[in-house]
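J.: Please see the structure below; I have some questions.
The values are calculated or read from the model by the stated rules, or taken from the named source; none is laboratory data. Please read these numbers as outputs of a predicted model, since none were measured by experiment. Methodologically, a virtual Cβ is constructed for each residue, glycine included, from the backbone with ideal geometry; neighbour enumeration extends over all protein chains shown. Each accessible area value is taken on the protein alone, full model and side chains, heavy atoms only, with ligands, DNA and RNA left out. Shrake-Rupley method; radii C 1.70, N 1.55, O 1.52, S 1.80 Å.
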Number of protein chains: 2
Amino acid sequence: MTTEYAQLLKAHALKATFQRTQILEVIERYGHIAIEKIYEEVSKVHASLSLATIYKNILLMVEKGVLTEVPIIGQKSKYEIAKEEHIHLICTSCGTVMDKMLDVDTAQDTEKVAETSGFSLDHRQLNLYGLCEACRG
Amino acid sequence: MTTEYAQLLKAHALKATFQRTQILEVIERYGHIAIEKIYEEVSKVHASLSLATIYKNILLMVEKGVLTEVPIIGQKSKYEIAKEEHIHLICTSCGTVMDKMLDVDTAQDTEKVAETSGFSLDHRQLNLYGLCEACRG
DNA sequence: TCCTTTACAAATAAAAATTATCGTAAGGAA
DNA sequence: TTCCTTACGATAATTTTTATTTGTAAAGGA
Ligand SMILES: [Mn+2]
Ligand SMILES: [Mn+2]
Ligand SMILES: [Zn+2]
Ligand SMILES: [Zn+2]
């Protein structure tokens, strides 16, 4: 429902405007989605929406931690609602992005790698590229 | 030396032009570098170079497997000479990208994760974001 | 309530990044 | 060297992203 997104926005000190809740609704529905596609989708229910409003709000919501950017080799970045740390399985044929939990051991390993390089780790981003079940045939 | 890059290009069925070897020389020197910076650097030794030539060749060399794209949260992609699989430590303050080997256990873990999702894994991309030694102070 | 302030969205405009076109130049096989 | 093919440079054209301006509407205080 719409109040869910209103809550999320307010929790991050952002006003819950119609445009923002619509953007969030579309992102949630797609899971992971690129800017242009958000514009396309939101436009269906709100024809007068400006593309600049999308850009402005995506940037703002990433800054505030409501959204996460998922940069991908050979494509434009996709965005998702920020959630618990996880990894991505990305199909190089159809472009689908699937979430998977990161297992604890792997997480600890990366901590060590960072430490031994004098690096203070903030966050991880693991993408696995390949073919999804459907595209393998 | 310059013949080194000529070899690399020919090994991938690409003509060894002056522009291409210069681009590779700059990428090697920086380790990881964005398009605009490549242009800036190559222009110093070859003032008449066209930016379109950079784009065309980067795209081509990525396609042919000479280069690898490194997509990064909040920045434009950087490019590097393709090499053995490794991970990246990325400083969110100064932007530096550092290479680290991926340890074998972690690699095997990701294989399993992919498998159990019916996904045929092709390649991994792990970025660790944080502060480098210099930027921690 | 009325006034003042602030935040947003929309509509451009502007700038930056990327791709396409085409005539000329250079690489490389023979 | 000669010839064929491919790549480069010089734009032009698109696409993507950011900045400005203006009009409203919500928020807060007197
Ligand atoms: Mn995700
Ligand atoms: Mn690297
Ligand atoms: Zn697929
Ligand atoms: Zn740093």
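J.: In deg cm²/dmol and to the nearest 500, what is the mean residue ellipticity at 222 nm of the protein assembly as shown if only DSSP H runs of at least 4 residues count, each as -39500 (n - 2.57), divided by the residue total?
T.: My calculation for the protein assembly as shown gives -13500 deg cm²/dmol from helical runs alone.
J.: Ok, one more. In percent, how large is the relative contact order of region A:86-136, given Cα pairs closer than 8 Å and 6 or more residues apart?
T.: About 52 percent, as a whole number.
J.: May I pose another question? Largest first and to the nearest Å, give the Cα extent of region B:1-45 along each principal axis.
T.: 26, 19, 17
J.: Express in whole angstrom the spacing between the alpha-carbon centres of region B:84-137 and region B:1-49.
T.: Taking the Cα centre of each part, region B:84-137 and region B:1-49 sit 26 Å apart.
J.: Measuring from label point to label point, each 7 Å out along Cα→Cβ, what is the A:Lys15 to B:Glu133 span in nm?
T.: Computed distance between label sites A:Lys15 and B:Glu133 equals 4.9 nm.
J.: Using a cut-off of 9 Å between beta-carbons, work out the net charge of the residues near A:Met101 (Lys and Arg +1, Asp and Glu -1, A:Met101 not included).
T.: Result for the local shell: -3.
J.: Can you give the longest stretch of chain A with no exposed loop site, where a site means trypsin sites (Lys or Arg not before Pro) in a DSSP loop (not H, G, I, E or B) with at most 13 other C-beta atoms within 10 Å?
T.: A:16-75
J.: Once you have the alpha carbon radius of gyration of region A:86-136, what is it after dividing by 2.2 N^0.38 Å, with N set to its residue count?
T.: Compared with the compact-globule rule of thumb, region A:86-136 sits at 1.42.
J.: Quote the convex hull volume per residue of region A:2-81, based on C-alpha atoms, as a whole number of Å³.
T.: Expressed per residue, the convex hull around the Cα atoms of region A:2-81 is 81 Å³.
J.: A:Lys56 to A:Glu4: extension gain in nm, 0.36 nm per residue of separation minus the Cα-Cα distance?
T.: Contour length minus the Cα-Cα distance gives 16.6 nm.
J.: Per residue, how large is the accessible surface of chain A? Use a 1.4 angstrom probe and give square angstrom.
T.: With all protein chains present, chain A gives 53 Å² per residue.
J.: What's the angle, to the nearest 10 degrees (0 to 90), between helix B:2-11's Cα axis and the longest principal axis of chain B?
T.: The two axes meet at around 60 degrees.
J.: Something else about it: Subtract the Cα-Cα distance of A:Ala107 and A:Glu84 from 0.36 nm times their separation in residues, and report this length gain in nm to one decimal.
T.: So the chain would gain 7.0 nm between A:Ala107 and A:Glu84.
J.: In the P(r) worked out for chain B, what percent of Cα pairs fall beyond 25 Å?
T.: Above the 25 Å cut-off, chain B has 36 percent of its Cα pairs.
J.: Still on this structure: Give the total of Lys-Lys pairs in chain B with Cα-Cα distances below 16 Å; include a pair only if its members are 8 or more places apart or on different chains.
T.: 10
J.: Same structure again: For the protein assembly as shown, report the translational diffusion coefficient in µm²/s to the nearest whole number, using Stokes-Einstein at 37 °C, 0.692 mPa s, and a Kirkwood Rh over Cα pairs.
T.: 159 µm²/s
J.: Using protein heavy atoms only (no ligands, DNA or RNA), what is the total accessible area buried between A and B, 1.4 Å probe, nearest 100 Å²?
T.: In total, chains A and B hide about 3100 Å² from solvent.
J.: With an 8 Å cut-off on Cα pairs and a minimum separation of 6 or more residues, tell me the relative contact order of chain A in percent.
T.: 18 percent
J.: On to the next question. Starting from the amide H of B:Ile33, placed 1.01 Å from N in the peptide plane, find each other amide H under 5 Å away whose residue is 5 or more places distant or on another chain.
T.: B:Tyr79
J.: Which percent of the accessible heavy-atom area of the protein assembly as shown goes to carbon and sulfur, probe 1.4 angstrom?
T.: 53 percent
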